[in-house]
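Asks: Below are the structure tokens for one structure; questions will follow.
The numbers here are math on the coordinates, done by the rules we state, and not lab data. This structure is a prediction, so every number in the text was calculated from the model and none was measured. Cβ sites come from the backbone with ideal geometry, for glycine too, and all protein chains shown count toward neighbours.
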């Protein structure tokens, strides 16, 4: 980036004024709902991504335990 571009970006950031914008209850609740939805989706994605290998390990240990018990019974 050139120094002219950086100067313009800094100038517009420093010289900004108030927008006097109003966020009504409908838009505000929509934004809050969207943010919570995205956060919950990310948490569920991580849980699903981590749960499958853990489930396979548990199943593997259960099968190993059942095979050992069956050998003892015979």
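Asks: Going by average Cβ density within 10 Å per residue, which order do the peptides 15-24, 38-47 take, highest to lowest?
Replies: Packing proxy ranking, top to bottom: 38-47, 15-24.
Asks: Once fully extended, how much extra length lies between residue 8 and residue 36, figured as 0.36 nm per residue of separation less the alpha-carbon to alpha-carbon distance? Spell out each step's value before the answer.
Replies: Numbers: separation 28, 0.36 × 28 = 10.08 nm, distance 3.53 nm.
This chain segment gains 6.5 nm when fully extended.
Asks: How many nm separate the modelled label positions at residue 58 and residue 27, each set 7 Å beyond the Cα in the direction of the Cβ?
Replies: So the label points at residue 58 and residue 27 sit 4.6 nm apart.
Asks: Cut-off 10 angstrom, C-alpha nodes, Gaussian network model of the chain. Which of 32, 54, 14 fluctuates the most?
Replies: 14
Asks: Additional query: Once the cut-off is 16 Å, how many percent of the Cα-Cα pairs in the chain end up in the long-distance tail?
Replies: Percent of Cα pairs beyond 16 Å in the chain: 77.
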